[in-house]
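The values are calculated or read from the model by the stated rules, or taken from the named source; none is laboratory data. Just so we're clear, the structure is a prediction, and the values are computed from it rather than from any experiment. Here Cβ is always computed from backbone atoms with ideal geometry, including for glycine, and neighbour counts include all displayed protein chains. Calculation scope for accessible area: heavy atoms of the full protein, side chains included, ligands and nucleic acids excluded. Shrake-Rupley method; radii C 1.70, N 1.55, O 1.52, S 1.80 Å.
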Amino acid sequence: MAKARAKTSAAIMAAVGGIGLLARSADNDGAFASAAAARGPEDMRVRQVGFLAAAPVSAGSAGPAAAGMSSAVVAAGAMGTAVCLAAKRRGAASTSTKARGGDLGRLPSGRAGAATPRRNTAQMQEEQIEEVRGMAGSIVKKTTVLVLGSTGTVGRQVVRQMLNAGYSVRCLIRNKADRPFSFLVDWGASCVDGSLNRLESLPTSLIGVHTVIDCSTAGPEESVYDTDWEGKKFFIQCCEKMEIQRYIFMSIKDCDKFQEVPLMKIKYCTEKLLGNSSLRYTVLRATGFMQPLISEYALSILDDQKVWGDDGSNPGIAYMDSQDCARFIAAAATKERLVGKTITLGGPKVWTSNEIISMCEKFSGRKADINIVSNQLLEATKFVAGGFEWTRDVAERLQFAALNQGKPGIEVAVMSQEAYELLGVDPTNTRKLEDYVGEFYRRVFKKLTKGSYEPEAGEVEKEQDEMDRKAKEVFEGNTKDELSPGQPAEKDVLVDDQREMAEILQDFQELKAIARSNEAVNKWFGLVPIAEVINGRSAMMGFSLGLFTEWATGISVAKQVDQLIAIFQTPS
């Protein structure tokens, strides 16, 4: 039985592999001016620079840790500040990159040479210096794209779509061992070492970029507030000051109607922040994706594992394929008529959890072992987790239970015909969930019966022709494309101007980071927040360990403490 299960798991994995703004504060002005002045008195001029000042406008908020934002819409405005900028034009290309050689090292190019795994830091620096040196004195190319969240479900598909269309794609990557990105380099993308949690790494990633596609969100180990609000807020300000010409923001469907969910609230506030900026933005509100359903339902049922169902109160989700979503994003990035628009994306049909389980049972020929989780249980767990500082992140993520219950007046619907027409996409070319899951099971069973999966004759060519046809529909559409009235027109931007502004923004953020490190909130000892979290988690771990050893040894927790004290006492 164990061997059969192992064989099934191996077949499943093989089949899966085959399926294809600165918040306004009293010291901001002085710190920013200091960052500019630090570049030297011989290379300065005064320029008017405006930053978005973003702040919650309603009182009575539960605080950023509990709710992520205040409950009101973010108000943003221009704050004119006369600052000193290092703006004398560098004459030679070598001079233009020498001063910031170390910073440019954060922008490694992945195109040179054969496809390789991640490279060492010194080589990455040299490659990026050469890349930016080649841009000096030129106008930013309209085919240069920066993708955030490029290793995610949607982001990686966006990278492929844009590369196949001939765009030069740069990916902002957190350089961690558990986040492999060599496949992006293999495809032909450049990789930039940076993160929304390291604000000083963001400005240089935008040098030479025309369009930003933002598919990112906080990971399970990250703070939603720090990543999706603080990091995104500064990043959007950098885009505005460096004159990025297009910004595509991936949001969540109905985020304006579920303000009690921290991530939804932050997404909606970010939409409002973009709306009050001078950026030529487009907001795409997505529903759920098909890809996670394979591991959550299809794979678990095939491997005789438990799956999680609901009590029938879930209104359902119009799941869409990540490849279809990537085509929608590419269409939004290349069409002028979508500047300033907010569009809701979705699949062709609404599916509930129970309907998905029934479909997987039909394709697999097996009966699912279902665990029913009621909304009341989720609410109770969220309430308990919200009572402790060290489990508050868990409570915030459990807020998504509110989406399962729905709300009066909120319609669960598929993507509208108007949205398809704006994007210039034929709705009949979108993949259905039953086709996607059916293809997964077809590949699994072929692997199990024949020992390996080999495409049928002409199958690969047929899939490639279909991808090319869909891509042509997006990038070579014949529909009329005109900028909506009142929206700013595109303009040419010099790479040198972007580089100079990136240097100032980075120096400013580095000074702020030094100032923050000296604040009381970052001290480890005393009655400070970080001590509260560390001490609380340590106490929970110690008490849990004591209960476990009491169960294992039969010695009470109190007696264990006495024995530990006796070990370190001097014998009398």
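Among the candidates 168, 150, 195, 182, which residue alone is polar (S, T, N, Q) and in contact with a Leu (Cβ under 7 Å, 6 or more places away or on another chain)?
Working: 168 fails: in contact with a Leu (Cβ under 7 Å, 6 or more places away or on another chain); 195 fails: in contact with a Leu (Cβ under 7 Å, 6 or more places away or on another chain); 182 fails: in contact with a Leu (Cβ under 7 Å, 6 or more places away or on another chain).
Result: 150 is the single residue among 168, 150, 195, 182 that is polar (S, T, N, Q) and in contact with a Leu (Cβ under 7 Å, 6 or more places away or on another chain).
Go through (1) touching a Lys or Arg at 6+ places or on another chain (Cβ under 7 Å); (2) crowded, with 17+ Cβ neighbours inside 10 Å one by one and return the number of the condition residue 382 breaks.
For residue 382, the exception is condition (1).
With the condition being at pLDDT below 75, I'd like the helices (runs of 4 or more DSSP H) fully within region 338-411 carrying at least 2 qualifying residues.
Once the helices (runs of 4 or more DSSP H) in region 338-411 are filtered for at least 2 residues that are at pLDDT below 75, what remains is 392-397, 401-405.
Being in contact with a strand residue (DSSP E or B) (Cβ under 8 Å, 6 or more places away or on another chain), in a loop (DSSP other than H, G, I, E, B) and over 17 Å from residue 467 (Cα atoms) is the filter here, so list the residues in region 145-165 that pass it.
In the first step, residues of region 145-165 are kept if they are in contact with a strand residue (DSSP E or B) (Cβ under 8 Å, 6 or more places away or on another chain); the result is 145-151, 153-155, 158-159, 162-163.
So of that shortlist, the ones also in a loop (DSSP other than H, G, I, E, B) come out as 149-151, 153-154.
Across region 145-165, the qualifying residues are 149, 150, 151, 153.
I need the full set of residues from region 219-264 which are in contact with an Asp or Glu (Cβ under 9 Å, 6 or more places away or on another chain) and basic (Lys, Arg), in order please.
The answer is 232, 246.
What are the residues in region 166-187 that are assigned to a loop (DSSP other than H, G, I, E, B), buried (at least 16 other Cβ atoms within 10 Å of the Cβ) and not aromatic (Phe, Trp, Tyr), if any?
Let us first name the residues in region 166-187 that are assigned to a loop (DSSP other than H, G, I, E, B), namely 166-167, 174-181.
So of that shortlist, the ones also buried (at least 16 other Cβ atoms within 10 Å of the Cβ) come out as 167, 174-175, 181.
Hits for region 166-187 are 174, 175.
Could you please let me know if residue 503 is at pLDDT below 85 and surrounded by 12 or more Cβ atoms within 10 Å (Cβ to Cβ)? Give the steps one after another, and end with the answer.
On the way: at pLDDT below 85: no; surrounded by 12 or more Cβ atoms within 10 Å (Cβ to Cβ): yes.
No: the conditions fail for residue 503.
Against the definition (open to solvent by 40 Å² or more (accessible area, probe 1.4 Å), of a type outside the set (Ser, Thr, Tyr) and not in a loop (DSSP other than H, G, I, E, B)), how does residue 328 come out, yes or no?
Numbers: open to solvent by 40 Å² or more (accessible area, probe 1.4 Å): no; of a type outside the set (Ser, Thr, Tyr): yes; not in a loop (DSSP other than H, G, I, E, B): yes.
No; evaluated as a whole, the condition is false for this residue.
For residue 313, indicate whether it is under 26 Å from residue 225 (Cβ atoms) and of a type in the set (Ser, Thr, Tyr).
Values: under 26 Å from residue 225 (Cβ atoms): no; of a type in the set (Ser, Thr, Tyr): yes.
No: the conditions fail for residue 313.
Can you name the condition, by its number, that residue 555 falls short on among (1) at pLDDT 85 or above; (2) assigned to a helix (DSSP H, G or I)?
(2)
Could you tell me how many of the residues in region 337-353 are open to solvent by less than 30 Å² (accessible area, probe 1.4 Å) and of a type in the set (D, E, K, R)?
Taking region 337-353 first, the residues open to solvent by less than 30 Å² (accessible area, probe 1.4 Å) are 337-340, 343, 345-347, 351, 353.
Next, from what is left, pick out any that are of a type in the set (D, E, K, R): 337.
Within region 337-353, residues that are open to solvent by less than 30 Å² (accessible area, probe 1.4 Å) and of a type in the set (D, E, K, R) number 1.
Which pairs do you get when a residue that is more than 17 Å from residue 440 (Cβ to Cβ), found in region 301-314, comes within reach of a residue that is of a type in the set (Ser, Thr, Tyr) and in a helix (DSSP H, G or I), reach meaning Cβ atoms under 8 angstrom, with the pair 6+ apart or on two chains?
306/300; 308/353; 309/353; 310/353; 314/353
What pairs can you find where one residue is in region 137-155 and modelled with pLDDT under 95, the other is among the aromatic types (Phe, Trp, Tyr) and not in a loop (DSSP other than H, G, I, E, B), and their Cβ atoms are less than 6 Å apart, with a gap of 6+ or different chains?
As it stands, the answer is 153/289, since those pairs meet every condition given.
For region 414-514, please list each of the helices (runs of 4 or more DSSP H) lying entirely inside it that holds at least 3 residues being under 30 Å from residue 299 (Cβ atoms). Reasoning before the result, please.
Working: elements: 417-423, 433-450, 459-475.
Filter on region 414-514 gives 433-450, 459-475.
Search region 255-296 for residues being small (Gly, Ala, Ser) and under 30 Å from residue 436 (Cα atoms), and hand back the single one that is most open to solvent (accessible area, probe 1.4 Å).
Just the residues of region 255-296 that are small (Gly, Ala, Ser), to begin with: 275, 277-278, 286, 288, 295.
Narrowing the set further to residues that are under 30 Å from residue 436 (Cα atoms) leaves 286, 288, 295.
On the way: 286: 7, 288: 17, 295: 74 Å².
Here the answer is 295.
Residues in region 195-214: is at least one open to solvent by 30 Å² or more (accessible area, probe 1.4 Å), within 26 Å of residue 339 (Cβ to Cβ) and either of a type outside the set (Phe, Trp, Tyr) or part of a strand (DSSP E or B) (or both)?
Looking through region 195-214, none of the residues is open to solvent by 30 Å² or more (accessible area, probe 1.4 Å), within 26 Å of residue 339 (Cβ to Cβ) and either of a type outside the set (Phe, Trp, Tyr) or part of a strand (DSSP E or B) (or both).
Mind listing just one residue for me: the one in region 358-379 that is among the hydrophobic types (A, V, I, L, M, F, W, C) and touching an Asp or Glu at 6+ places or on another chain (Cβ under 7 Å) and, of those, surrounded by the most Cβ atoms within 10 Å (Cβ to Cβ)?
That would be 368.
Among (1) farther than 21 Å from residue 331 by Cα; (2) at pLDDT 95 or above, which single condition is residue 210 missing?
Tallying (1) farther than 21 Å from residue 331 by Cα; (2) at pLDDT 95 or above, residue 210 fails exactly one: (1).
Return yes or no: is residue 543 among the aromatic types (Phe, Trp, Tyr), modelled with pLDDT under 85 and farther than 30 Å from residue 275 by Cβ?
Numbers: among the aromatic types (Phe, Trp, Tyr): yes; modelled with pLDDT under 85: yes; farther than 30 Å from residue 275 by Cβ: yes.
Taking the combined requirement at face value, the residue satisfies it.
In this structure, is residue 252 in contact with a helix residue (DSSP H, G or I) (Cβ under 7 Å, 6 or more places away or on another chain) and open to solvent by less than 10 Å² (accessible area, probe 1.4 Å)?
Numbers: in contact with a helix residue (DSSP H, G or I) (Cβ under 7 Å, 6 or more places away or on another chain): yes; open to solvent by less than 10 Å² (accessible area, probe 1.4 Å): no.
Taking the combined requirement at face value, the residue does not satisfy it.
Answer yes or no: is there a residue in region 221-236 that is open to solvent by 50 Å² or more (accessible area, probe 1.4 Å), modelled with pLDDT of 90 or more and within 30 Å of residue 495 (Cβ to Cβ).
Taking every residue of region 221-236 in turn, at least one turns out to be open to solvent by 50 Å² or more (accessible area, probe 1.4 Å), modelled with pLDDT of 90 or more and within 30 Å of residue 495 (Cβ to Cβ).
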